[in-house]
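What follows is a set of notes on a single structure, which appears directly below.
The values are calculated or read from the model by the stated rules, or taken from the named source; none is laboratory data. Not measured: the values here are computed from a predicted model. Here the Cβ positions follow ideal geometry from the backbone for every residue, glycine too, while neighbour counts run over all protein chains shown. Surface accessibility is based on the protein's heavy atoms, side chains included, excluding ligands, DNA and RNA. Shrake-Rupley method; radii C 1.70, N 1.55, O 1.52, S 1.80 Å.
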Amino acid sequence: MANITAALVKELRERTSAGMMDCKKALMENDGDMDKAIDWLREKGLAQAAKKAGRIAAEGAVVQYITECGKVGAVVEVNCETDFVAKTDNFMNFANGVAKHVALANPADLEALNAQKFVDDQSKTIEDMISDATVAIGEKISIRRFARYETTGLVSSYIHMGGKVGVLVEVATEAADNDAVKELAHDICLQIAAAKPEAVRREEVNAENLEKEKEIYRVKALESGKPEKIVDKIVEGQIEKYYKEVCLLEQLFVKDGDKTIKGLVAEVAKAVGSPIDVVRYARFERGEGIEKRKDDLAAEIAAMQAK
């Protein structure tokens with residue numbers, strides 16, 4: 001029996017993109033012969049994932065997992081190639097399994113996540129599962145990003161339109177079990193999904209974006225013929241409006257335009273007799289920033305005719 005080293009398994013994995021356990025088994029079945037192991041994987045349909053690696057995966061779903069205690073939560077974007085596959089049970093089961101794993105295993109980043117043993121099946125890493133899912137589903141599957149919060153307060157989440165948008169919010173409170181606080185956290189999730197804030201509070205607004213806005217307002221004011229001595233006042237007023245648009249706490253509540261989110265939080269805090277603070281949030285929109293594949297039917301027909 002050949003000595004199946006870790007280096008040999010790694011080489012086979014790099015050449016086929018099959019799962020680590022599958023590569024080890026292929027080498028064992030073929031007495032360490034690399035070429036035969038590759039053929040074995042191809043025959044079993046386990047080396048197909050490599051051929052799909054270059055495809056664009058911009059569909060999929062944003063999914064979430066909150067522990068029963070409500071203290072730990074995760075939101076994850078998992079991508080595939082088509083909307084059809086994104087709606088299948090196989091894909092959603094895989095995506096939900098990843099969200100659960102992120103919440104429970106607390107990976108530092110995507111690289112660490114891929115190397116971790118799956119919480120529900122220690123015989124496979126997350127990377128193995130991605131490869132297996134790619135083969136089983138027939139499309140490129142990828143985990144794009146995740147956020148995980150753990151708190152002594154409350155974690156809440158909201159998934160919109162079957163996974164098009166996902167939100168995760170951390171709320172600091174000593175009244176985490178209070179129904180009014182839970183409803184508030186959920187309403188804040190809805191607010192973030194709908195209003196797309198850029199930060200929780202003013203201090204967290206991206207400085208580069210802020211300077212860019214100031215410059216735009218300044219140029220517009222000068223070009224409109226306003227006297228230079230009042231331009232600073234005009235810019236200051238516009239920035240105040242900007243803060244109200246992009247800061248979560250200053251936004252008008254989407255369910256009641258007569259109050260801000262800051263006012264809503266203060267109202268609930270007073271009612272329950274305990275301070276409440278929105279600590280942070282994550283908002284993922286499926287496929288944002290990914291350039292989707294554009295099929296050129298005319299080019300495909302021309303290529304077929306050329307063959």
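Which residues in segment 255-294 place their backbone N less than 13 Å from a point set 7 Å from the Cα of Asn206 along the Cα-to-Cβ direction?
Output list for this probe position: 289.
Just order 9-16, 210-217 by mean Cβ neighbour count inside 10 Å, highest at the front, would you?
9-16, 210-217
Quick one: grab the alpha carbon gyration tensor of segment 131-273, order the square roots of its eigenvalues as a ≥ b ≥ c, and give me rounded if a/c is under 1.5, else prolate or oblate depending on whether a/b is larger than b/c. Walk me through the intermediate numbers first.
Values: a/c = 2.85, a/b = 1.39, b/c = 2.05.
Judged from the Cα gyration tensor, segment 131-273 comes out oblate (a/c at least 1.5, b/c at or above a/b).
Leaving out ligands and nucleic acids, note down the accessible area per residue over segment 186-248 with a 1.4 angstrom probe, in whole Å². Kindly include the intermediate steps, with their values, before the conclusion.
Values: 3940 Å² over 63 residues.
On a per-residue basis, segment 186-248 sits at 63 Å².
What FRET efficiency do you get for Ala2 and Ser123 if R0 is 22 Å and r is their Cβ-Cβ distance, rounded to the nearest 0.05?
Efficiency, from the Cβ-Cβ distance: 0.50.
Go ahead and set up a Gaussian network model of the chain, Cα springs under 10 Å, then flag whichever of Val76, Val171, Val279 fluctuates most.
Between Val76, Val171, Val279, it is Val279 that shows the largest mean-square fluctuation.
Taking all protein chains as present, what is the carbon and sulfur share of the accessible area of the chain, in % to the nearest whole number, probe 1.4 Å?
On the way: 8320 of 16890 Å².
It is 49 percent, rounded to a whole number.
Let me cross-check Asp187: its accessible surface, 1.4 Å probe, with only protein heavy atoms counted, in Å² to the nearest 10?
Asp187 exposes around 10 Å² with every protein chain in place.
Determine which lysines satisfy two conditions relative to Lys71: a Cα distance under 17 Å, and not lying fewer than 8 residues away in the same chain.
Lys100, Lys182
Going by amide H atoms built from the backbone, whose H comes under 5 Å of the H on Phe118, apart from near neighbours?
HN-HN under 5 Å from Phe118: Lys124, Thr125, Ile126.
In nm, give the distance between the simple-model label positions of Lys255 and Ile239, each being 7 Å from the Cα along the Cα-to-Cβ direction.
Computed distance between label sites Lys255 and Ile239 equals 3.4 nm.
With every protein chain left in place, what is the accessible area per residue of segment 90-178 in square angstrom, probe 1.4 Å?
43
Per residue, how big is the convex hull of the chain when only Cα atoms are used? Give it in Å³.
198
Which aspartates and glutamates, on any chain, are close to Lys196 with Cα under 16 Å apart, when same-chain ones fewer than 8 places away are left out?
In chain and number order, the partners are Asp187, Glu204, Glu245, Glu250, Glu285, Glu288.
Considering Cα pairs under 8 angstrom that are at least six residues apart, work out the relative contact order of the chain and quote it in whole percent.
Relative CO of the chain lands at 18 percent.
Can you list the aspartates and glutamates whose alpha carbon is less than 12 Å from that of Lys214, not counting same-chain residues fewer than 8 positions off?
Reachable aspartates and glutamates: Asp232, Glu236, Glu240.
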